[in-house]
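Working notes for the structure below.
The values are calculated or read from the model by the stated rules, or taken from the named source; none is laboratory data. From a predicted model like this one, the values you see are computed outputs, not experimental measurements. Heads up, the Cβs are rebuilt from the backbone with ideal geometry, glycines too, and the neighbour counts pull from every protein chain shown.
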Amino acid sequence: MTPLRIGIICPYSLTVPGGVQMQVLGMARELRRRGHEARVLGPCDGPPPASFVTPLGNSLPTSANGSVAPLAPDPPAMFRTLQTLAAERFDVLHLHEPFAPGPTLTAAVTHRYPTVATFHAAGRSSSYKVIKPWLVTLIKRLDHKVVVSKDALALVRSHLGGEYEVLFNGVEVESIRSTPEMVRHAGDRPAIFFCGRHEERKGLRVLLDAFERLDLDAELWIASSGPDTAELTRRTAGNDRVLWLGRISDEEKYARLRAAEVFCAPSLGGESFGVVLIEAMAAGTTVVASSLDGYRNVATHEHDALLSAAGDVDGLVASLRRALEEPELAGRLRDAGTVRAEAFAMSALVDRYVEIYHDLVGA
């Protein structure tokens, strides 16, 4: 196929870890490997994370979906977006969360190029309710609409209507598997790994409660940060079994996934898709998670993961104990997870998006 100039716009700061940011950067890398000129546009709070990223200014913490999102809804970011779109002459634009305040909404309103839009959010959206009449008109400007899960589909369709293609998120499976495993010293305790924002909906507090009750000699690795970090680190002060890592690079995340015995995702809600579960499966790690609709998009209890009710500390303790004490079960879950991860390879996702891009350009 003819190489294309593709502009991929992310509403969230590309220097802050997040699921949408990971998708955007991973897609760009895969597209560029295939010879397409893919550029990512988005806010950056510091140096851009890759040479193909065009920064659009700093982000502002904004309340969204029970979390705080690093968006750039300010006029300077809007003007930089307009200037970049005028200068780059893209063949096609790909907007992730097209109605998030900032660069993606600006691009959707101006509609300078054929436009693909991917909706990630699930659960609820106050903005969809408040400005629904305007968005119902605006959504008609989007040339091809995609959702990442049935839960994301339910949210956007219930408010705005329309037709959407369901394309699950992708994971850079080969990059994860080629990352060297973190070196562990002989005699080290088995490790449980958590990587997510330290806020209520991610369930870290529930995991700490469960870990306190887990009467096994294991370690808990906690990556990232958030509004609850200070309180929770004080709570575990003096416990040498809990290691607070702070923000880590993708390379360290993959290395720790490959080294840990268990990856735990105890989220309480607001998850439209379980990318992080697929990453853990690709790394060959046993997955223990909450039984959320979004996570059940990718994981099946007793087949490739152990799932328990969100917020159920006793259920989480039982799942962690089984994952650590039943090697035959853990091995079976890891083997099934390895196969499951292949279905979500970034290369397969990009295959379909490239078809969509060419169809729009040809039209």
Legend entry - Count of the range 249-263 residues which are under 15 Å from the mean Cα position of the chain (by Cα) and not charged (D, E, K, R): 2
Inset, instruction - Working only within the range 1-57, note down all residues that are assigned to a helix (DSSP H, G or I) and not small (Gly, Ala, Ser). - result: Val20, Gln21, Met22, Gln23, Val24, Leu25, Met27, Arg29, Glu30, Leu31, Arg32, Arg33
Inset, instruction - Can you work out which of the residues in the range 208-264 that are of a type in the set (Ser, Thr, Tyr) and surrounded by fewer than 16 Cβ atoms within 10 Å (Cβ to Cβ) is farthest from Ser290 (Cα to Cα)? - result: Ser249
Inset, instruction - Would you confirm whether any residue within the range 60-69 is in a loop (DSSP other than H, G, I, E, B), polar (S, T, N, Q) and closer than 30 Å to Arg201 by Cα? - result: yes
Inset, instruction - Sort through Gly46, Gly42 and tell me the only one that's farther than 22 Å from Val148 by Cβ and in the same structural domain as Val354 (by TED's automatic domain parsing). - result: Gly46
Legend entry - Checking Val287 against (1) in a helix (DSSP H, G or I); (2) free of Cβ contacts under 8 Å to residues at least 60 places away in the same chain; (3) of a type in the set (Val, Ile, Thr), the condition it does not meet: (1)
Inset, instruction - Taking only the range 308-351 into account, find how many residues are closer than 19 Å to Gly294 by Cα, of a type in the set (D, E, K, R) and buried (at least 18 other Cβ atoms within 10 Å of the Cβ). - result: 1
Legend entry - Sole exception among (1) assigned to a strand (DSSP E or B); (2) within 16 Å of the chain's Cα centre (by Cα); (3) over 25 Å from Thr62 (Cβ atoms) for Phe194, by number: (3)
Legend entry - Check on His36, surrounded by fewer than 24 Cβ atoms within 10 Å (Cβ to Cβ) and farther than 20 Å from Ala348 by Cα: no
Legend entry - Arg124 being within 25 Å of Thr54 (Cα to Cα), in the same structural domain as Glu163 (by TED's automatic domain parsing), touching a helix residue (DSSP H, G or I) at 6+ places or on another chain (Cβ under 9 Å) and of a type outside the set (S, T, N, Q): no
Legend entry - Selection status of Val147, touching a helix residue (DSSP H, G or I) at 6+ places or on another chain (Cβ under 7 Å), modelled with pLDDT of 95 or more, within 20 Å of Gly18 (Cβ to Cβ) and in the same structural domain as Met27 (by TED's automatic domain parsing): yes
Legend entry - Candidate set: the range 98-114, residues that are in contact (Cβ under 8 Å) with a residue 60 or more places away in the chain and either in a helix (DSSP H, G or I) or crowded, with 24+ Cβ neighbours inside 10 Å (or both); chosen: the one farthest from the chain's Cα centre (by Cα): Ala107
Inset, instruction - Would you check which residues across the range 136-191 are over 22 Å from the mean Cα position of the chain (by Cα), within 29 Å of Arg112 (Cβ to Cβ), part of a loop (DSSP other than H, G, I, E, B) and not hydrophobic (A, V, I, L, M, F, W, C) and list them? - result: Asp143, Gly161, Gly162, Glu163
Legend entry - Single unsatisfied condition, Val313 versus (1) over 28 Å from Leu142 (Cα atoms); (2) under 23 Å from the mean Cα position of the chain (by Cα): (2)
